[in-house]
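First comes the structure, then the notes that go with it.
The values are calculated or read from the model by the stated rules, or taken from the named source; none is laboratory data. Predicted model, so just to flag it, every value in this text is computed and none were measured. Cβ placement follows ideal geometry from the backbone for every residue including glycine, while neighbour counts extend to all protein chains displayed.
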Amino acid sequence: MIYDVLIIGAGPAGMTAAIYARRAGKSVLVLEAKGYGGQIIKTPDIENYPVEPGISGYDFATRLYEQTKALGAEFVFERAEGIVDGNVKKVKTPEGEYGAKSVIIATGSESRPLGVEGETALIGRGVSYCATCDGNFFRNKAVAVVGGGNTALEDALYMADIAETVYLIHRRDSFRGEEATAELLRRRENVKILYNSTVTELIADRRLRQIVVTDKEGVKTTLDVRGLFVAVGRIPENRAFENVIELDGAGWASSGENCRTKTPGVFVAGDNRSKDVRQLVTATADGAVAATEALKYIASL
Amino acid sequence: MAVKEITGAEFEEEVIKSDVPVIVDFKAEWCGPCKVLKSTVEEIAGERADVKVVSVDIDEEEDLVDEYEVFSIPCLVAFKGGSEVGRSIGLASKSEIYGALGL
Ligand SMILES: Cc1cc2nc3c(=O)[nH]c(=O)nc-3n(C[C@H](O)[C@H](O)[C@H](O)COP(=O)(O)OP(=O)(O)OC[C@H]3O[C@@H](n4cnc5c(N)ncnc54)[C@H](O)[C@@H]3O)c2cc1C
């Protein structure tokens, strides 16, 4: 079967695009690599999306998923690994290949790794990208938080209430995040801030035991920590589609507000797109725009 | 087959002494990704008659969390003959889970 609209990613952007396309009577397939919902399922409450303050990320995602399914969108849980352009566009997954007249790439973003050797193997064994998710496993232990933006500062503050000691490691001499939060951290006795420093080595057996921190003079310090919380930003999931979309220097998909790409019939929507505000409301807005553009494109065929 | 929630007291009997491989789903009520993963875990329980699937609430069973060194959930751990043979951490697709668990 050739779908009218194939959507890659069942996050808020992708599912909203599916709603718009289904309501216009188009056949829709959503491919999702992990599970519906995207990033937002990690958050306990959403306070800034219109209408229902305090809704959990899981409830938000589940209601959106149910709404999308009820409208008749098909979901297949497979990772899209590439797009072949043509009159019929082909999207490849490890399990097969799906054909569609138009494709909307709504793959969002994920946490940026530090890039230290052994990091990936230690995920869930001491290395974490979500303090509010995993923080409780480190009660009364020493942990490190890496980063200098708001997420890192907030993670450090959150961990200061749980952990015995929190090392906040930042590669510059001042934070990008809010000064008020930084000041709260400086006042906490169990928070030690290491400026001009990077994590250069992870020492582990089955689990993380120590990290080596190197300062800008090259002096190395070994710290005993059980947890390492990495908060150094997010990276888009666009690389697999570089043949059909243009990426900016940091890897975000270049496109205007109309969500079009260099390939007619291929659109981008949500956090993976080059933009200033990455939030639910902008992701869902993109979904609506990309679907509307896809409908126009299909009508022109 | 339904996914039975077990306690620390039942762990020995249900997991360690099991004749068939067991997948233990470490999860918590407050964990969104765990709840999204639940349908995949149930699907696995349904299609693999040769495997037993159970769940453990990490907030109730801290001793199991320490013993099996769970530091992040969702966390699926596969056991054969009483020992761990594979682990899948975080939200993942069914085929990724089978790959990580070696089942
Ligand atoms: C902890 C946290 C709290 C947040 N809180 C808020 C908040 O309170 N308010 C707010 O407005 N925003 C919040 N955000 C931001 C918000 O979650 C994002 O802006 C939004 O989820 C972006 O939606 P998206 O659909 O573009 O991408 P994502 O949510 O990232 O979804 C992308 C989906 O695509 C899938 N995918 C990726 N690659 C592939 C592939 N190759 N094949 C198939 N599927 C693929 C992913 O698995 C994922 O499910 C928060 C984010 C985080 C991490």
**OP:** May I ask you to verify whether A:Asp224 is touching a strand residue (DSSP E or B) at 6+ places or on another chain (Cβ under 7 Å), within 13 Å of the ligand (Cβ to nearest atom) and over 22 Å from A:Tyr3 (Cβ atoms)?
**Re:** no
**OP:** Within region A:84-109, work out how many residues are in a strand (DSSP E or B), within 15 Å of the ligand (Cβ to nearest atom) and closer than 21 Å to A:Val289 by Cα.
**Re:** 6
**OP:** Please determine, by comparing only the residues of region A:125-148 that are out of contact with any strand residue (DSSP E or B) (no Cβ under 8 Å at 6 or more places or on another chain) and within 28 Å of A:Asp286 (Cβ to Cβ), which one is farthest from the other protein chains (Cβ to nearest Cβ).
**Re:** A:Thr132
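Residues checked against (1) of a type outside the set (Phe, Trp, Tyr); (2) within 9 Å of chain B (Cβ to nearest Cβ):
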| site | (1), (2) |
| --- | --- |
| A:Leu29 | yes, no |
| A:Ile55 | yes, no |
| A:Ala61 | yes, yes |
| A:Phe77 | no, yes |
| A:Gly118 | yes, no |
| A:Ile123 | yes, yes |
**OP:** Tell me which of these A:Gly99 doesn't satisfy, since it passes every other one: (1) more than 14 Å from chain B (Cβ to nearest Cβ); (2) within 18 Å of B:Gly32 (Cα to Cα).
**Re:** (2)
Original post:
Which condition number does B:Ser95 fail, the rest of (1) out of contact with any Asp or Glu (no Cβ under 8 Å at 6 or more places or on another chain); (2) at the interface with chain A (Cβ under 8 Å from one of its Cβ atoms) being met?
Top reply: (1)
Original post:
Within the group A:Ala24, A:Ala70, which residue is within 19 Å of A:Ala285 (Cβ to Cβ), more than 15 Å from the chain's Cα centre (by Cα) and either in the same structural domain as A:Asp286 (by TED's automatic domain parsing) or within 13 Å of the ligand (Cβ to nearest atom) (or both)?
Top reply: A:Ala24
Subject >> Selected residue [surrounded by fewer than 20 Cβ atoms within 10 Å (Cβ to Cβ) and of a type in the set (D, E, K, R)] from A:Glu246, A:Glu237 >> reply: A:Glu246
Original post:
Quick check, is A:Thr222 under 19 Å from the mean Cα position of the chain (by Cα) and of a type in the set (Ser, Thr, Tyr)?
Top reply: no
